[in-house]
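Quick notes on the structure that follows.
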Amino acid sequence: MDQLIPLTYLPTSVSIREVGPRDGLQNEDVMLTTEQKVRFIDTLSNTGLRLIEVGAFVRPQNVPQMADTADVFERISKNPAVVYSAIVPNAVGAKRAIAAQVEAIQIFLSASESHNQSNVNMSVEQSLSQAADIAAIATEADCWFDGVISVVFGCPFEGDVSISRVLEVAGRLLDMGAAQITLGDTTGMAHPRLVQQVILAFQERFPRATLRLHPHSARGAGLANVLAALQVGVDRFDASAGGIGGCPFAPGAPGNICSEDMVHMLHEMGIDTGIDLPALMDAAHLLEELLGRPVPGQTIKAGICQHLPSDGCPRPFHSTELV
Ligand code: ZN
């Protein structure tokens, strides 16, 4: 753990799951119309992304921003190269997801008792029991599912979360047949050393399991945490176009890691993502237009390094930026 890991061990390619339409938009004050969401997702579908989290089948009164997820699924132009997923907290949500022809389900629950209560109004044990029901429903429908564990690196109510607790929950989800485990830094409490500590413990316990990191950047450590995870072999990450999302427990703080910023960093490091960065930046600009405000992402403001003119000033993306 204390040994420095040389950068030469970095993966050569990385898979990014775009979570802006769900994790991003569900934390935005501005509520997009179904039409606007469809436009945003259709733009994302043509960027080279292979995984897009479209929405959530949760109680509409709890998360009104996601109330139209079934309609969004029906109206998007599905790119056959993309897997469109949704998060689901219980069996009712799983049935709605299957009816909406969702291609992949993310079962989610928290590693800490109080965050799970606050988030889905259930104990962790009740969520695990629902997870077993969701797994059965998904398996019968031949739908791929994975397990997303929230507040793995710290809970806003309880503080530190024990690694053994995280591993126990992960083990239960893997036993149910989860195709991968996503470790969520839901409120941006992780730091690079902790990220490596948790991931190394996970890999030791579950050497054959597939792992994904869902980082947030509420305290600015997001891309540092991504690098820390890359160094210990993680090659799957969640990110959101424009870096939208925020965090309900840290008002004004940035949310998910910005997809364009992550892709830009990875490409500059020589790590392939399969994503067309200018096309992804177009999606972030569209998001600004739809939300009616600038998004937190940095690359759309500073420009792509390799596209910079010799004077070092970024080329304006929109002619209106000159005004
Ligand atoms: Zn999140």
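Just a few scattered comments:
- Taking every DSSP beta bridge that has both ends in the chain, the antiparallel portion is near 5%.
- Modelled spin labels at residue 129 and residue 92, positioned 7 Å past Cα toward Cβ, are 1.6 nm from each other.
- The ratio of the alpha-carbon radius of gyration of the chain to the globular-protein estimate 2.2 N^0.38 Å is 0.95.
- Whole-percent carbon and sulfur share, accessible surface of the chain, 1.4 Å: 51
- Contour excess over end-to-end distance, with Cα ends at residue 15 and residue 62 and 0.36 nm allotted per residue: 13.9 nm
- Additional length obtainable on full extension of the chain from residue 289 to residue 302, 0.36 nm per residue less Cα span: 2.9 nm
- Cross-link partners of residue 95 among aspartates and glutamates (Cα-Cα below 18 Å; sequence separation of 8 or more within a chain): 53, 68, 71, 74, 103, 133, 140, 142, 146
- Long-range amide H partners of residue 83 with built H, under 5 Å: 51, 52
- Part-to-part distance (alpha-carbon centres) for the stretch 102-130 and the stretch 1-80, which is given in Å: 19
The values are calculated or read from the model by the stated rules, or taken from the named source; none is laboratory data. Please read these numbers as outputs of a predicted model, since none were measured by experiment. FYI the Cβ positions are ideal-geometry reconstructions off the backbone, even for glycines, and counts take in every protein chain you see. Side chains are part of the model used for accessible areas, which takes the heavy atoms of the whole protein and leaves out ligands, DNA and RNA. Shrake-Rupley method; radii C 1.70, N 1.55, O 1.52, S 1.80 Å.
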